[in-house]
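The values are calculated or read from the model by the stated rules, or taken from the named source; none is laboratory data. This one's a predicted model, so the numbers in the text were calculated from it and none came from an experiment. All Cβ positions, even for glycine, are placed from backbone atoms using ideal geometry, and neighbour counts span all protein chains on display.
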Amino acid sequence: MTAPLLLQPHDKDLGGGFKVRRLLPAAKQRSVGPFVFFDHFGPATETPGSEHDVRPHPHIGLATVTYLFEGAMMHRDSLGSVQEIRPGAINWMTAGRGIVHSERKPDTLRDATYVNHGLQLWVALPQAHEEVEPSFVHTAAADIPALEVQGVPVRVLVGEAFGVRSPVTTLSQTVYLDVALPAGGRFELPALARELAVYPVDGDITLDGEPVAQHQMAMLAEGQGGVLAAQGAVRLVVIGGEPLDGPRFITWNFVSSRRERILEAGADWAAQRMGQVPGETEFIPLPGHPFQVQQAADSGTTPV
């Protein structure tokens with residue numbers, strides 16, 4: 001049996017010492033189903049005075065999917081949405097033609113010490129829907145289907161599996177599961193989609209007898225399931241779905257099937273034409289390359 005493709009995490013500092021483990025996109029695997037971005041943050045202890053807030057920033061052509069294991073964060077966006085994100089809920093923000101949002105420490109926790117731990121994923125929207133109207137939908141933890149399969153607790157965060165369907169609406173086939181594998185447990189994962197990957201959050205597992213270390217992502221063979229097992233109790237997530245309907249450009253916070261659309265979005269953000277988060281004046285400025293080339297062309301000057 002061929003060993004699974006293993007993706008290694010890469011640490012990224014998002015500012016202020018707030019580090020994440022990034023698994024997607026990777027050189028060996030750009031996407032898994034519609035998922036083009038996978039960040040695992042924490043467990044990180046937040047203390048009074050610590051500032052890991054993410055200032056307002058824009059997105060196009062994607063949906064952000066935020067899921068917490070522990071902690072809390074406050075979501076605000078240019079649609080006027082204000083939502084405290086808590087563990088177990090799914091928060092799905094469709095950027096479409098463009099949205100701006102921030103993620104900050106809730107005011108009620110400014111003077112508290114607590115742990116933040118979770119995942120943020122990006123889903124590339126189908127080409128026919130890349131420019132849809134932006135939206136934000138919060139699905140409470142109590143509304144996420146939870147069941148026991150082969151003696152293993154499973155939450156169907158997004159998509160359909162094991163006879164139940166998540167209420168989270170998607171624009172393409174999407175699979176996202178939270179699986180609590182018990183010590184000595186064994187779980188036969190069926191072929192729920194053409195592309196599937198498994199990510200152990202807090203311990204080591206095996207996939208079809210091959211070792212997969214904590215914080216590695218293991219790709220399953222296309223159209224295949226696999227047998228998961230662990231000596232100790234391990235929490236893991238499964239992601240996947242139908243492959244993308246074509247390649248995507250990913251630059252900064254923008255995803256599109258057209259490179260020129262990304263440059264256009266960069267020019268719009270530089271000119272602050274993408275909207276504002278009500279009540280917020282801060283923002284993350286546009287980074288450099290390749291956007292300065294577009295700005296120079298717009299102004300009729302030659303880039304240096």
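A Cβ distance below 8 Å, combined with a sequence gap of six or more or placement on separate chains, defines the contacts here; from the range 242-253, residues that are surrounded by 15 or more Cβ atoms within 10 Å (Cβ to Cβ) reach residues that are among the hydrophobic types (A, V, I, L, M, F, W, C) and assigned to a loop (DSSP other than H, G, I, E, B) in the pairs 242/193; 252/286.
For the range 116-143, name all the residues that are among the hydrophobic types (A, V, I, L, M, F, W, C) and loosely packed, with under 14 Cβ neighbours inside 10 Å.
Passing the criteria: 128, 140, 142.
In this structure, is residue 68 surrounded by fewer than 20 Cβ atoms within 10 Å (Cβ to Cβ), over 21 Å from residue 287 (Cα atoms) and of a type in the set (A, V, I, L, M, F, W, C)? Lay out the reasoning, then the answer.
Working: surrounded by fewer than 20 Cβ atoms within 10 Å (Cβ to Cβ): no; over 21 Å from residue 287 (Cα atoms): yes; of a type in the set (A, V, I, L, M, F, W, C): yes.
No: the conditions fail for residue 68.
Every test in (1) over 28 Å from residue 143 (Cβ atoms); (2) surrounded by 17 or more Cβ atoms within 10 Å (Cβ to Cβ) is passed by residue 179 save one, and that test is (1). Going by what's in this entry, would residue 51 be described as over 30 Å from residue 224 (Cβ atoms), outside any strand (DSSP E or B) and among the acidic types (Asp, Glu)? Spelling it out, residue 51 is indeed over 30 Å from residue 224 (Cβ atoms), outside any strand (DSSP E or B) and among the acidic types (Asp, Glu).
The conditions of being closer than 20 Å to residue 262 by Cα and free of Cβ contacts under 8 Å to residues at least 40 places away in the same chain are not met by residue 151. The residues in the range 215-232 that are more than 24 Å from the chain's Cα centre (by Cα) and part of a loop (DSSP other than H, G, I, E, B) can be counted, and the count is 3. If only residues of the range 171-187 that are in a strand (DSSP E or B) and within 20 Å of the chain's Cα centre (by Cα) are counted, the one that is farthest from residue 135 (Cα to Cα) is 180.
Do we have residue 260 as modelled with pLDDT of 95 or more, charged (D, E, K, R) and exposed (fewer than 12 other Cβ atoms within 10 Å of the Cβ) here? Break it down stepwise before answering.
On the way: modelled with pLDDT of 95 or more: yes; charged (D, E, K, R): yes; exposed (fewer than 12 other Cβ atoms within 10 Å of the Cβ): yes.
The answer is yes for residue 260.
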